[in-house]
Amino acid sequence: MRIVSSPASDVLAVVEAAYHEHFEVTPARASVSFVGVDQIEILRYSAGAATTYVSLGMSRYPMADPTAAVVDAERAPRAELLLSCREPGEHLWRALAVLAAAPAVEGAVYAAGNRVDLGEPLYAGARCTGGMLTPAQLRPIAVPGMAEVNVLQLLPATPNELAWARVHGSEALIERWSVQAIDLTDLARGSADLG
């Protein structure tokens, strides 16, 4: 796969500036490196009862099918991930970094409505192993000379919920959560009633 160059622009600086404007607090940060992939940073914003983690680095490159001969970096989609939770578990930041690295490592193309699954708890003690991607409250981030960066929120789901959503669809699961008033910031929760 060959990426067609876009106009020079520090996309990550633009994304981070948008984060700071939205959250208005200084984050804690951690970085994760993967073989053959540029570093992914996870920023943690703590305000009130919830803690929000956002990736920084996933939008460095456009998302595209790895079999594509040429990728137009000015038009191909870019994204970052966001996860909000309460009582965050140790190493949750690493799970989010692994998911954020998937477009570069596996050629995944993330969009609202997608399901993602690590196949293991997001942290020790969590029952959620992945989740649904939906548009986050952060509006798309405009970057000169390339496609805007969409911030996708990960709504955590248990393995049973993810399996049910594969059959019935992501929207159906999100509706179940809403009707049952499921606390999606609780990653140690049990599954919704799927009967």
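The values are calculated or read from the model by the stated rules, or taken from the named source; none is laboratory data. Note that this is a predicted model, so its numbers are computed, not measured. Note that each Cβ is placed from the backbone with ideal geometry, even for glycine, and that neighbours are counted across all protein chains shown. When the accessible area is computed, the model is the full protein with side chains, heavy atoms only, and any ligands, DNA or RNA have been set aside. Shrake-Rupley method; radii C 1.70, N 1.55, O 1.52, S 1.80 Å.
Specify the residue that is farthest from the chain's Cα centre (by Cα); the eligible residues are those in the stretch 138-164 that are more than 19 Å from R75 (Cα to Cα), open to solvent by 10 Å² or more (accessible area, probe 1.4 Å) and touching a residue at least 40 places away in the same chain (Cβ under 8 Å).
Ranking the qualifying residues of the stretch 138-164, first place goes to P159.
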Condition set among the acidic types (D, E) and not in a helix (DSSP H, G or I), scope the stretch 89-118, selection least open to solvent (accessible area, probe 1.4 Å): answer is D117
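Quick one: which of L194, L122 is in contact with a Ser or Thr (Cβ under 8 Å, 6 or more places away or on another chain) and not in a strand (DSSP E or B)?
L122
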For strands (runs of 3 or more DSSP E) lying entirely in the stretch 9-85, having 1 or more residues that are at pLDDT 95 or above and not polar (S, T, N, Q) picks out 37-47, 50-56, 78-85
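Which one of S191, S170 is crowded, with 20+ Cβ neighbours inside 10 Å and among the small types (G, A, S)?
Numbers: S191 fails: crowded, with 20+ Cβ neighbours inside 10 Å.
Residue meeting the stated conditions: S170.
Take G131 and tell me if it is in contact with a Pro (Cβ under 6 Å, 6 or more places away or on another chain), buried (at least 21 other Cβ atoms within 10 Å of the Cβ) and closer than 21 Å to A79 by Cβ.
Numbers: in contact with a Pro (Cβ under 6 Å, 6 or more places away or on another chain): yes; buried (at least 21 other Cβ atoms within 10 Å of the Cβ): yes; closer than 21 Å to A79 by Cβ: yes.
The answer is yes for G131.
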